[in-house]
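Here is the structure we will look at, set down as structure tokens.
The values are calculated or read from the model by the stated rules, or taken from the named source; none is laboratory data. Owing to the predicted nature of the structure, the values given are computational and were not obtained by experimental measurement. Cβ coordinates were reconstructed from backbone atoms using ideal geometry, including for glycine residues, and neighbour counts include every protein chain displayed.
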There are 2 protein chains.
Amino acid sequence: MWGGISGFSLRRLLIGHPLATAQLRHERLTKIKALAVFSSDALSSTAYATEEILLMLILAGSGAVGLSIPLALGIATLLAIVAFSYYQTIHAYPGGGGAYIVARDNLGTFPGLVAAAAILTDYVLTVAVSISAGVAAVTSAFPVLYPYRVPIGVFLIAVITILNLRGVRESGTIFSIPTYFFVGMTLTMIGVGLGRWVLAGMPPAQPPQIDYPATHALTLFLILRAFSSGCAALTGIEAIADGVPAFKPPESRNAGRTLIAMATLLITMFLGITFLSHQYGIVPDEHTHETVISQLGRVVFGDGTLLYYFFQAATMLILVLAANTAFADFPRLSFFLARDRYMPNQFALLGDRLVFSNGILALALASSLLLVIFDGKTTRLIPLYAVGVFLSFTLSQSGMVARWWRRRGPHWWLKMGINSFGAMMTAVVLCVFIVTKFIYGAWIVVLWIPIFIGFFLTVHRHYQDVAAQLSLEAFGSPPPIRRHRVIVPIAGVHRAVIAALNYARALSDDVTAVYVEVDPNETLKVRRKWQEWGDGVPLVVLPSPYRSIVGPLVDYVDRIDDKRRRDQVVTIVLPQFVPARWWHHLLHNQTALLIHLAFLFRREVIVTHVPFHLHLNHEEQRK
Amino acid sequence: MWGGISGFSLRRLLIGHPLATAQLRHERLTKIKALAVFSSDALSSTAYATEEILLMLILAGSGAVGLSIPLALGIATLLAIVAFSYYQTIHAYPGGGGAYIVARDNLGTFPGLVAAAAILTDYVLTVAVSISAGVAAVTSAFPVLYPYRVPIGVFLIAVITILNLRGVRESGTIFSIPTYFFVGMTLTMIGVGLGRWVLAGMPPAQPPQIDYPATHALTLFLILRAFSSGCAALTGIEAIADGVPAFKPPESRNAGRTLIAMATLLITMFLGITFLSHQYGIVPDEHTHETVISQLGRVVFGDGTLLYYFFQAATMLILVLAANTAFADFPRLSFFLARDRYMPNQFALLGDRLVFSNGILALALASSLLLVIFDGKTTRLIPLYAVGVFLSFTLSQSGMVARWWRRRGPHWWLKMGINSFGAMMTAVVLCVFIVTKFIYGAWIVVLWIPIFIGFFLTVHRHYQDVAAQLSLEAFGSPPPIRRHRVIVPIAGVHRAVIAALNYARALSDDVTAVYVEVDPNETLKVRRKWQEWGDGVPLVVLPSPYRSIVGPLVDYVDRIDDKRRRDQVVTIVLPQFVPARWWHHLLHNQTALLIHLAFLFRREVIVTHVPFHLHLNHEEQRK
């Protein structure tokens, strides 16, 4: 019946009816499905990684774009190292080895919190970057929509949010479609593009189609900036290691093989796109805002062909799916943190539909805000992106190093060596990120992560304090209450007052009515009526020279309440109108509320409202 | 001590300390002071009335401005008629004859409410128009301030608001200064201007200094629009009739003479300004935004002279004073309406400083809003202005006609004739207003006044219903409560729960603890702890398949609560944390609040919170 209140009907329509706890179950995924579910984030980054490298290089003029090939090879190598490093984590943590858990278990609580802050921040950025890139795939095909990119992006986030609030059940099968659609379209595009190049006698790369003048010198700094931007391709690679328990047994082995398959696909697609873009002379277009990958698709499949539009749709869908991944991961990590008392309790609650609704809503809000602030432009978000991921990579690999050092299993020195190399590489890249992207936006993340950690620690200290204050250890039971004084403040004598008085008399034999006198003429009327209706309860009249109702009442309770006696309690019983319409509240003085607030911070005084329900009109009451 | 809470210190600084009711007293005014206090609204309108006429006439080209003289004479005649009509009201209503009271007494409640709605609306416009014209006096002298007219205006309203919230005591003396300063400066300006004209051999009027092309034909409609705009000069003429009791005795005689003095001054100043503007060829300047009266002052006193700046300062001051008048009148009329139960009760409360604070704040808010919406431009506000005043003039005079007809004193037919003529004239002008100003903004007022009246009637019906529902007439005392069941919902077993349980046991012997089970593992722990701490109180465990805490609790109370028995009551005693910092609330589930809300609309169930005060940290608690 609680769910039947009218305001909740829209919510029911969008979110659906509540699900029973018993319905909570986990689907085990085959490798094929798992690849689709866990790799959308990583694979989808090929849709913008090449473009971000080129955007940096063209600052040094069109001649510098050739550097994209060695940079892509460097990034692919880094990717292989990180993947190999995570392959070990998968086998060490068959229960799921997220960076928070690995760092906390092996390095201690604080590094764990740093990893958690970093990765939660990056989940927000994953949504913002993926959605803005997904909208860019749409506006590349239909340039007329470009001015509406922010509302379209916010709308897509809203749709994902609602789907996640409903709870996405049949995840494996449905999620396979966009991922394999994108993988298929991209591999086809690369195959056709390479085929044409081979058939044409493998000509050297065409010069860039747009001639950009050099506005910056081609410094090492600029090359490292291009490398940093391209490293966005590595985000999401940790997803499989986080989700090992979702695999069919043997979980670790299946997850490890899926990771290798994903890394291979990702490297192939990223290198293929980068190579072909260079061959066909494709560079970002500042005027049409068309993405590099859309230009490439147009050249390879032909402008206006069905295949080109399929390719754009596939790009958009996998990017939306990548954003959706964060909607599963962010609430889950928030739940772990809330369970460990580092985030507010609300994030640990399973909602009606067995999902962590508060985490979903927090992510939707934060990512929409980013989308609006950064005007829905992927390039403006990229400097903030991947900083958190690489920080968590480093901490997670370091945690594994510490683990091998302590446990010393077979081949421990080899395993430790692999993770050490991974940790060092990601640490170096993290430093490169911070140096090259700092002034372009990374400072926001560098500033934000410590604030976020401070928040975790403050929340934790608060919960610990509360638990200590509530603890029954060394707690002597309070003495039973011997004297219970009940005060009924009245503003007149009417039915609501009589109802409150009747209730007060049921609580205690020690009842006093109190009237605060503002106008002496009124007092006479009240006294006369009280004679008739007060039923012998004494009436105290308090003068109020300043017309305040609350002040004299507080002073009166102060006078009668002996705070040294723990076996005495004072209850204030207030008649409270409950109007038939919410706006009727505005037509009544909120004196009852003010009295409640005045006593809220005073120990030993309890304020009780006795509701008196008003009808819509007098006639209705008679019924 | 209630006033000592820190959030209130800024309020105390601005508004001052509370005043005792005994300090409420009324100052009786001499004719000299009363003229100053009551006529600022009326006299200040000469600062913009001429300009508004000219602004309409120049639409028909510069050649049409000569019509300002006959139009001003027409308006002056109307003014004399209205003043004479009000002279009679003063003698008939020595207790103060505001339009609401006169219309209500003689025509009935509904016409009274129409007059009240009309005049309250016009008070808001008086503030907006006077402040925007006052700011125009400043920006005419210092054009660099013109872009800041809206913030300056809002700042002036804020200052007036604070002064009025403090309560303006020494009104008479202080208010005399700006009024007589303005009257003196204006009469000096007119005298000097006429003197120059006579000395120059009374030359014919100069052609307009700026040549405006005719964009509209000089139709009767345009002439009537100019007349309507100029009628703003009549606003405020009713102020003396409203305030008769403030005069020294014999009140009516003194008030009547003051009215005649005011009308004479107003006609002299208005005609003088209009005549001289015509003689010196002054027309509104669309580029410099300098007011007509400022241009006139510059020509007569000389550009940059001290006298010119004095004249501008005087204009500004009387306009601010005119706005201030509304800050006395609006809250007073709101009080009358609230006392009669047509406005929310809050408007009938005397604040700390013996002023009707809510009325003052409502007026400040509404007029600031108008200032912002109409961009601080007097001309854009004028079409809305005076519609309400003329509606209330008409109703008030009609009320007087009805009064003479009923009472038939000596010369009743003469007196009735005068008031009939006044009512007819103002009714005709009102029709002219509505026709000529409708599309330019008057429609807002025409639409608003019925809405406002509807609001009065809705509020009134609500209060009547509540009074009927609370009435003790034909009310049998409720039976004493025989069974008092107390339910203590618990989420665990800790100190706050023990405190609530202790209190519950003081209320009744029939106490049951209720635990809503979400996780069966937790239930075992709770049961074990309850064995130790529950002190024999039975514990009921409710299953909650959908994880809702509120739902199963409501169902349980429904089951045990026999609604047919009026001698039985159920109280729910909830432990309530009171955190040491307000934001700590965000870290706790608001389950207690949700439970309270769920039961608020259910009769016979009372929810009591037992506050458990948390300290800032565990160590502090030990102290």
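Things to note:
- Test: A:ALA348 is away from chain B (no Cβ under 14 Å), of a type outside the set (Lys, Arg) and touching a helix residue (DSSP H, G or I) at 6+ places or on another chain (Cβ under 8 Å): no
- For the range B:306-360, a tally of residues being more than 24 Å from B:SER392 (Cα to Cα) and part of a loop (DSSP other than H, G, I, E, B) returns 7.
- Condition broken by B:ALA241, with the remaining ones in (1) touching a strand residue (DSSP E or B) at 6+ places or on another chain (Cβ under 9 Å); (2) modelled with pLDDT under 90; (3) assigned to a helix (DSSP H, G or I) satisfied: (1)
- Selection within the range B:553-571 - at pLDDT 85 or above and either in a strand (DSSP E or B) or facing another protein chain (nearest Cβ under 10 Å) (or both): B:LEU553, B:VAL554, B:ASP555, B:ASP558, B:VAL569, B:VAL570, B:THR571
- Complete set of residues in the range B:491-510 that are more than 20 Å from A:GLY476 (Cβ to Cβ) and in contact (Cβ under 8 Å) with a residue 40 or more places away in the chain: B:ALA491, B:LEU507, B:SER508
- Against the numbered list (1) among the aromatic types (Phe, Trp, Tyr); (2) in contact (Cβ under 8 Å) with a residue 24 or more places away in the chain; (3) over 14 Å from B:ILE490 (Cα atoms), B:TRP583 comes up short only at (2).
The rows are residues; the columns are (1) in the same structural domain as A:ILE382 (by TED's automatic domain parsing); (2) at pLDDT 90 or above; (3) in contact with a strand residue (DSSP E or B) (Cβ under 7 Å, 6 or more places away or on another chain); (4) surrounded by fewer than 19 Cβ atoms within 10 Å (Cβ to Cβ).
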{"site": "A:SER420", "(1), (2), (3), (4)": "yes, yes, no, yes"}
{"site": "A:MET425", "(1), (2), (3), (4)": "yes, no, no, no"}
{"site": "A:THR436", "(1), (2), (3), (4)": "yes, no, no, no"}
{"site": "A:GLY441", "(1), (2), (3), (4)": "yes, no, no, yes"}
{"site": "A:ILE444", "(1), (2), (3), (4)": "yes, yes, no, yes"}
{"site": "A:TRP448", "(1), (2), (3), (4)": "yes, yes, no, yes"}
{"site": "A:ILE451", "(1), (2), (3), (4)": "yes, yes, no, yes"}
{"site": "A:GLY454", "(1), (2), (3), (4)": "yes, yes, no, yes"}
{"site": "A:LEU470", "(1), (2), (3), (4)": "no, no, no, no"}
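- Test for B:GLN295: is it modelled with pLDDT of 90 or more, out of contact with any helix residue (DSSP H, G or I) (no Cβ under 7 Å at 6 or more places or on another chain) and surrounded by 20 or more Cβ atoms within 10 Å (Cβ to Cβ): yes
For (1) touching a residue at least 40 places away in the same chain (Cβ under 8 Å); (2) crowded, with 24+ Cβ neighbours inside 10 Å, each residue gets a yes or a no:
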position: B:TYR87; (1), (2): yes, no
position: B:ALA103; (1), (2): yes, yes
position: B:GLY108; (1), (2): no, no
position: B:PRO111; (1), (2): yes, no
position: B:ALA115; (1), (2): yes, yes
position: B:ILE119; (1), (2): yes, yes
position: B:TYR123; (1), (2): yes, yes
position: B:VAL129; (1), (2): yes, yes
position: B:ALA133; (1), (2): yes, yes
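- No other residue among A:THR268, A:THR274, A:THR258, A:THR315 is hydroxyl-bearing (Ser, Thr, Tyr), modelled with pLDDT of 90 or more, surrounded by fewer than 23 Cβ atoms within 10 Å (Cβ to Cβ) and under 30 Å from A:ASP242 (Cα atoms) apart from A:THR268.
- Filtered by the rule that a residue be acidic (Asp, Glu) and at the interface with another protein chain (Cβ under 7 Å from one of its Cβ atoms), the range A:464-486 gives a lone residue, A:ASP465.
- Of all residues in the range A:456-480, those satisfying the criterion of being within 23 Å of B:TRP533 (Cα to Cα) and among the hydrophobic types (A, V, I, L, M, F, W, C) are A:VAL466, A:ALA467, A:ALA468, A:LEU470, A:LEU472, A:ALA474, A:PHE475.
- Residue, farthest from B:VAL570 (Cα to Cα), within the range B:536-545, restricted to residues that are within 12 Å of chain A (Cβ to nearest Cβ) and surrounded by 15 or more Cβ atoms within 10 Å (Cβ to Cβ): B:PRO545
- Residues in the range A:487-516 that are at the interface with chain B (Cβ under 10 Å from one of its Cβ atoms) and either in a strand (DSSP E or B) or modelled with pLDDT under 85 (or both): none.
- Test: A:GLY399 is assigned to a helix (DSSP H, G or I), small (Gly, Ala, Ser) and surrounded by fewer than 13 Cβ atoms within 10 Å (Cβ to Cβ): no
- For the range A:517-535, a residue qualifies if it is among the charged types (D, E, K, R) and either within 8 Å of another protein chain (Cβ to nearest Cβ) or not in a helix (DSSP H, G or I) (or both), and the qualifying residues are A:GLU517, A:ASP519, A:LYS529, A:ASP535.
- Listed by first and then second residue, the pairs with beta-carbon distance under 7 Å, at least 6 apart or on different chains, first residue in the range B:205-227 and under 20 Å from B:GLU286 (Cα atoms), second surrounded by fewer than 16 Cβ atoms within 10 Å (Cβ to Cβ), are B:ILE210/B:ASP285; B:LEU222/B:HIS216.
- Counted residues, the range A:26-59 - those being at pLDDT below 85 and under 23 Å from the mean Cα position of the chain (by Cα): 2
- Among the residues of the range B:597-623, those identified as within 9 Å of another protein chain (Cβ to nearest Cβ), at pLDDT 80 or above and not in a strand (DSSP E or B) are B:ALA598, B:PHE599.
- Test result for B:THR458, surrounded by fewer than 18 Cβ atoms within 10 Å (Cβ to Cβ) and either aromatic (Phe, Trp, Tyr) or over 27 Å from B:VAL569 (Cβ atoms) (or both): yes
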